[in-house]
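Notes for the one structure printed next.
The values are calculated or read from the model by the stated rules, or taken from the named source; none is laboratory data. On a predicted model such as this, the values are computed, not experimentally measured, just so you know. Every residue, glycine as well, gets a Cβ built from its backbone with ideal geometry; the counts of neighbours run over all protein chains shown.
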Amino acid sequence: MQNKTTTFAKQICAAQASAMRADKQMICMGLGIDDPKAIFGTTAGLSEDFGSKRVFDTPTAENAMTGVGIGAAQAGTRVLMTHQRVDFFLLAMDQLVNNAAKWHYMFNGQLKVPLTIRLIVGRGWGQGPTHAQNLQSWFAHVPGLKVVVPSKTDAVGQQLYQAIMDDNPTVFIEHRWLHNQHGDVSQIRRYTDRSEPVRVHATGEDLTLVANSYMVLEAIQAAEFLTKLGIRCDVIETTELNVSCWKPVFDAVNKTGRVLVCDSAHQHFSVGGELVASCAEQCFSALKAAPMRLGLPMHPEPTSFGLTSHFYNTASDIVRQVGVMLGRELPLPAKRDTPHDVPGQWFQGPF
Amino acid sequence: MQNKTTTFAKQICAAQASAMRADKQMICMGLGIDDPKAIFGTTAGLSEDFGSKRVFDTPTAENAMTGVGIGAAQAGTRVLMTHQRVDFFLLAMDQLVNNAAKWHYMFNGQLKVPLTIRLIVGRGWGQGPTHAQNLQSWFAHVPGLKVVVPSKTDAVGQQLYQAIMDDNPTVFIEHRWLHNQHGDVSQIRRYTDRSEPVRVHATGEDLTLVANSYMVLEAIQAAEFLTKLGIRCDVIETTELNVSCWKPVFDAVNKTGRVLVCDSAHQHFSVGGELVASCAEQCFSALKAAPMRLGLPMHPEPTSFGLTSHFYNTASDIVRQVGVMLGRELPLPAKRDTPHDVPGQWFQGPF
Amino acid sequence: MLRIRLIEEAIAERYSEQKMRCPTHLSIGQEACAVGISAKLLPKDKVFSSHRAHAHYLAKGGNLNRLIAELYGKGSGCTGGRGGSMHLTDLDAGFVASTAIVANSIPVAAGQALHQQLRGETQLTVSYFGEGATEEGAFYETANFAVVKQLPLLLVCENNRYSVYSSLACRQPKNRSIKALAEAIGIYSLEGNGNDVREVAARASQAVSHIRAGNGPAFIELHTYRHREHCGPHFDDDLGYRPKEERESWFKRDPLQTVEDILSAIPHWKKAKASMIEKIEKEIGEAFDAAINAPFPDSDNNEVYVYAE
Amino acid sequence: MLRIRLIEEAIAERYSEQKMRCPTHLSIGQEACAVGISAKLLPKDKVFSSHRAHAHYLAKGGNLNRLIAELYGKGSGCTGGRGGSMHLTDLDAGFVASTAIVANSIPVAAGQALHQQLRGETQLTVSYFGEGATEEGAFYETANFAVVKQLPLLLVCENNRYSVYSSLACRQPKNRSIKALAEAIGIYSLEGNGNDVREVAARASQAVSHIRAGNGPAFIELHTYRHREHCGPHFDDDLGYRPKEERESWFKRDPLQTVEDILSAIPHWKKAKASMIEKIEKEIGEAFDAAINAPFPDSDNNEVYVYAE
Ligand SMILES: Cc1ncc(C[n+]2csc(CCOP(=O)(O)OP(=O)(O)O)c2C)c(N)n1
Ligand SMILES: Cc1ncc(C[n+]2csc(CCOP(=O)(O)OP(=O)(O)O)c2C)c(N)n1
Ligand SMILES: [Mg+2]
Ligand SMILES: [Mg+2]
């Protein structure tokens, strides 16, 4: 059963509702979760459907509230928490890292923490230095956390559902520009019917593009454009940031011998860095060219429209870099007609 | 002027005293900074010499106190803060990342934050899951922060002095096992007389060892042992975790064609990963074998003596890995006679 | 106060042109707080604020042209386009910084006060924040430290009863007095009607005297109300998150109206006001013209100032 | 209480053998707090604690053998050697967890209480912590949330006047009453002599009735004193960080002595006590023997339980 009438945000909503139906004890909390804007529409209707005991707003106290989520989760209540920006969640690192990530291990399997934390990455319309950070590599560095970085409407529902129903603390990082992405409705399946931690969106012989979060969409566009030029690329999405799940990436790179990583965070000490390193370690003898990555420059996102035009990488940057790696000057895709700081014409600011 | 009577901890003390003399307004704060144990002796005498207005203990409130440090620093008071474990400082990530790291940039150069934060990495004697974390890769990922990871008594004084006198927020990460390291006293020099962000401890033709923090000592021992086997290694220390300073590393790898990174933190999404990635990117055509790294396994440090015997990498593990990279089975250094969970016989626990 | 209102109304009017491309939190309805407090400050006193900072910046003497240019993301903005509405600064005016993370400029303000204390200066530092910020540990930790150290710090809480769309009910206990809480932490604490500029000034005067006399920090809770949406230019009462009666009773107590009621008794007030408005509107018009005509900063300099030299 | 004291004295005595290789914070001197509170708890009530958790664990009925084995890092320890002294658990006894980061188990305890409330259970949750922990925002944020939600949570603050070697002077304002602070946050708050087990039990009884009646959280501040060094087995008064008079006056009010003074009036108390001691020492001896003889856990399993299946 598929149709064309859903969005990324609606699928996120649907996943939460499915989980709350599947686990009658599960709770959802977060600042503004039940307010008129419903976290960019991603929690619309939940408090009406499941009641204010199970879906509730909280004080502005990210650190303690995360601890509360951990406490309820280890006691046996499945918990989903939502934060409107990754940046706000910096206040809760102690609870996340010293408690959530470690309790199952540290208490020798006697306790577990079925807690999912939704974090949203801002971008554009002047989000600026403290509303646009994606700290995915921080979370991925911490043993005991699962890190899921969705990108596509067809899969995000199942991915969130699985994250929630998983008995481990999971950080689920949504890019704000994805919420309005249209796509096919896809049924939420059983928990055991898992979707893959790595998704292959295209296959090719010439080069492997590996991407995460919003950059997956750019990589897919770049690959489509490159196909027209006769250059065939893999497009592989690392939805789960866990090296032990990445065999499909290494298989692909062993096949093409060329890898370009398209990361959605700052360039250095990053997920992109880990991918380049892992490919170098695992695929060395197959590599025909230096593995490369595109990431954000090592400075904060400035606020001004005039300063951000080249801050983020687009399909065009990917194509240019592929050209570099193949030693050819390639034509670039046409410039987009939406302003560079909004996800589409529909967006009228502010976030 | 050199002699043999100093330790790493004493040099740290000396650097702070020098800085407080050089900048008469500078302050030092931190839990227990003026107590009888003086942060493992690293702050001994400071409050007596400079008074309790400039050197003071604080409430247990890592987050706000970091903000206080930032506020005083941007106002023009040079600030040094000390935390007994990296793990405790997780509470202060908002202040560090959203304020300290960003203010100079975000306010367009009008403000600056001459703040240094000393963090200590625990290890052994049951430090366990929440007293032994080294989150250096987190800090290195954040633009605007400087990250300094000292390892040797001969340099640590100058390194800390420079970090303090630098007008940027600097995270200075000391490994607990280094504090008792004996060595030559070296004079603290002027600020402008900077020591190098990358140090070369040995040079060789066969392989490049790159290490940070306590692992530098293990790498040096491994290289000495390997020399006896006729295998000559570079030993390069990345004291500053900033890719743009790492040219000496790339030069060395371009020379040897083989690189083994010896990291002091968890293996993945790490500084070690960044080094492998950067070497793969920058030295691809010179590489003769896959670049490799040794890091901590992706689980927390367990507490029990019985569980930690293989948790940390030693010179022996480095030698073994070098053998793998050279395709030869090598003899290993003799086992040490100190228990594996203490830095030396002098240590009688607890930390 | 009138000036601030007119400036923010001009921002609101023009925001929909989509040229001010950054999240913008207007202070309309809460101006008396900033104006009443600033009336008792000296130029060398320092001020810190939150995401809702325009009034605090302007009342402290922050440069208007540089504010408007900042909203337009121009090079002539107070942070050259880097910070936007949520990150203002005007060091000449003693307005040090506003930040976008709830409560996180409060400890920084305490650090400024510590600096002042260490230098033996007679300056003080003001930290403005909303009642939502008092739910963060950062507020509490800072207040405790400020008392321990007897810092010259004035904490000003504008209690507008809402954090975005969230009412107090889900965030703070019924009958919570933030003033009493601050008192229990150990701070000299006051409370007042934040919509009455004279009352605010009176409380500010008490607090400032307390601090300047070397008695340590002070705290003022000011009850007030925001008129527009949390972020953006519009009224949003169609959303229904604020009870109609509550809203109407607060709108009736508009701080400008309160002042107007008094001033209108003055002979020739109407005329004086009209000429004031004319002058202000001219200033505003010029600020907008300048901002709109100013060039964007050069993104080639994006790498500059990541690190201080 | 006597049992806890004897157990901890045995730990102290043997610690220097260097076989218990983990940071260990003894509760000696503070036992009356744990014992008085636990007297009013039911087995199904849950308990959380901090780095200084032995007394809380034992008083709630935590298994002695598994505690001692844990200190020795053995597979039979309560976390199989993974957590050590600072990370205890005994789910059968309702002792959920202790943690090593100051104040960070307080919000987790509130989460447990939220779970209880959601399930409509009549259980309550206790969170023990030191006065140092009340300086952390986590304490304050949790207390606020607990009142907003009216959680069945009992916060117990053992005020032993020191955080490691730091006296209150540099951490909290003079005349700070933590009880009054908790009250201003909105919690039903009590205070008492933490060295008098009967007084603790009386306060616990009040607090527990309040909570079980569905009136929301309660807070108790207990004044007490630690006898040994902060971390480790020794007395450390040679370091001079605690005034001699203060120390002596508190040592005189040793909670065991207080009880002894009362019990000694009972006929045959001496004999009864001696036989109690004999029984306890046997139990302790067995626990140590078992721990010492138990094998270390197998480090080949170090990868197990990073993630739950
Ligand atoms: C740590 C953090 N959490 C959440 C947010 C999102 N946020 C921005 S403004 C705001 C409201 C804060 O309310 P209050 O402090 O009362 O200020 P007001 O907007 O009412 O002036 C929130 C929750 C944030 N910026 N930072
Ligand atoms: C966040 C954090 N900061 C600092 C420490 C170091 N530390 C361990 S115990 C302790 C003392 C805490 O004092 P208190 O809460 O009064 O407990 P007490 O030791 O007196 O029982 C400190 C500061 C820590 N473990 N966690
Ligand atoms: Mg508000
Ligand atoms: Mg204490």
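Data overview
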item	result
Conditions (1) away from chain B (no Cβ under 14 Å); (2) closer than 23 Å to D:Ile292 by Cα; (3) surrounded by 24 or more Cβ atoms within 10 Å (Cβ to Cβ); (4) not aliphatic (A, V, I, L, M): number failed by D:Gly36	(2)
Residue ID - nearest to the other protein chains (Cβ to nearest Cβ), chosen from residues in the range D:91-100 that are surrounded by fewer than 24 Cβ atoms within 10 Å (Cβ to Cβ) and at negative phi	D:Leu91
Within the range D:101-128, tally of residues that are within 8 Å of chain A (Cβ to nearest Cβ) and more than 28 Å from A:Lys53 (Cβ to Cβ)	1
Any chance D:Asn144 is within 25 Å of C:Pro173 (Cα to Cα) and within 16 Å of ligand 3 (Cβ to nearest atom)	yes
Hits in the range C:80-90 - residues which are more than 8 Å from chain A (Cβ to nearest Cβ) and free of Cβ contacts under 8 Å to residues at least 24 places away in the same chain	C:Thr89
Residue among A:Ser195, A:Ser186 that alone is of a type outside the set (Lys, Arg), free of Cβ contacts under 8 Å to residues at least 60 places away in the same chain and part of a loop (DSSP other than H, G, I, E, B)	A:Ser195
Elements of type helices (runs of 4 or more DSSP H) contained in the range B:243-328, each with 1 or more residues being away from chain D (no Cβ under 14 Å), surrounded by fewer than 20 Cβ atoms within 10 Å (Cβ to Cβ) and aliphatic (A, V, I, L, M)	B:315-326
Selection within the range D:140-177 - at negative phi, surrounded by fewer than 20 Cβ atoms within 10 Å (Cβ to Cβ) and aliphatic (A, V, I, L, M)	D:Leu168, D:Ala169
Near pairs, Cβ below 6 angstrom, 6+ apart or cross-chain, from the range D:172-199 (within 10 Å of chain C (Cβ to nearest Cβ)) to any residue that is acidic (Asp, Glu)	D:Ile178/D:Glu221; D:Lys179/D:Glu191; D:Lys179/D:Glu221
Among the candidates C:His51, C:His56, residue that is assigned to a loop (DSSP other than H, G, I, E, B) and either touching a residue at least 24 places away in the same chain (Cβ under 8 Å) or within 20 Å of C:Thr258 (Cα to Cα) (or both)	C:His51
Cβ-Cβ under 7 Å pairs, at least 6 apart or on other chains, the range C:140-162 side aliphatic (A, V, I, L, M), far side in a helix (DSSP H, G or I) and within 16 Å of ligand 4 (Cβ to nearest atom)	C:Val148/D:Cys170
Tally, over the range B:30-53, of residues that are away from ligand 4 (no atom under 16 Å from the Cβ), crowded, with 21+ Cβ neighbours inside 10 Å and within 13 Å of chain D (Cβ to nearest Cβ)	5
Some residue of the range A:224-232 being surrounded by 20 or more Cβ atoms within 10 Å (Cβ to Cβ), within 30 Å of A:Ala286 (Cα to Cα) and not β-branched (Val, Ile, Thr)	yes
The range A:195-225, residues that are among the hydrophobic types (A, V, I, L, M, F, W, C) and farther than 23 Å from A:Leu296 by Cα	A:Val200, A:Ala202
Where a residue in the range B:40-56 is within 19 Å of C:Leu114 (Cα to Cα) and its partner, wherever it lies, is among the hydrophobic types (A, V, I, L, M, F, W, C), with Cβ under 6 Å and at least six apart	B:Ser47/B:Val55; B:Phe50/B:Met20; B:Arg54/B:Ile27; B:Val55/B:Cys28; B:Val55/B:Leu46; B:Phe56/B:Met29
Test: residue in the range A:4-25 that is within 23 Å of A:Pro150 (Cβ to Cβ), surrounded by fewer than 24 Cβ atoms within 10 Å (Cβ to Cβ) and in contact with an Asp or Glu (Cβ under 6 Å, 6 or more places away or on another chain)	no
Checklist (1) under 30 Å from B:Asp57 (Cβ atoms); (2) out of contact with any helix residue (DSSP H, G or I) (no Cβ under 7 Å at 6 or more places or on another chain); (3) hydroxyl-bearing (Ser, Thr, Tyr) applied to D:Tyr225, failing item	(2)
Within the range B:55-172, helices (runs of 4 or more DSSP H) holding 1 or more residues that are at the interface with another protein chain (Cβ under 7 Å from one of its Cβ atoms) and under 30 Å from C:Thr134 (Cβ atoms)	B:62-75, B:103-106, B:136-140
Number of positions in the range B:331-346 that are in contact (Cβ under 8 Å) with a residue 60 or more places away in the chain and surrounded by 10 or more Cβ atoms within 10 Å (Cβ to Cβ)	7
Flag if D:Leu71 is touching a helix residue (DSSP H, G or I) at 6+ places or on another chain (Cβ under 7 Å), over 25 Å from C:Phe139 (Cβ atoms), more than 8 Å from every other protein chain (Cβ to nearest Cβ) and of a type in the set (A, V, I, L, M)	yes
Single match in C:Gly36, C:Gly80 (criterion: of a type outside the set (A, V, I, L, M, F, W, C) and in a helix (DSSP H, G or I))	C:Gly36
Where A:Ile236 falls short, out of the listed (1) more than 8 Å from every other protein chain (Cβ to nearest Cβ); (2) farther than 23 Å from A:Val148 by Cα; (3) in contact with a helix residue (DSSP H, G or I) (Cβ under 8 Å, 6 or more places away or on another chain)	(2)
Qualifying residue in the range A:121-131 (condition: within 10 Å of A:Pro169 (Cβ to Cβ) and crowded, with 24+ Cβ neighbours inside 10 Å)	no
Given (1) under 27 Å from B:Gly124 (Cα atoms); (2) touching a residue at least 60 places away in the same chain (Cβ under 8 Å), index of the condition B:Met325 fails	(1)
Leading residue by the ranking (nearest to ligand 1 (Cβ to nearest atom)) among those in the range C:146-168 that are touching a Lys or Arg at 6+ places or on another chain (Cβ under 9 Å) and within 14 Å of chain D (Cβ to nearest Cβ)	C:Ser163
Residue among A:Asp57, A:Asp87 that is surrounded by fewer than 24 Cβ atoms within 10 Å (Cβ to Cβ), at pLDDT 95 or above and away from ligand 2 (no atom under 16 Å from the Cβ)	A:Asp57
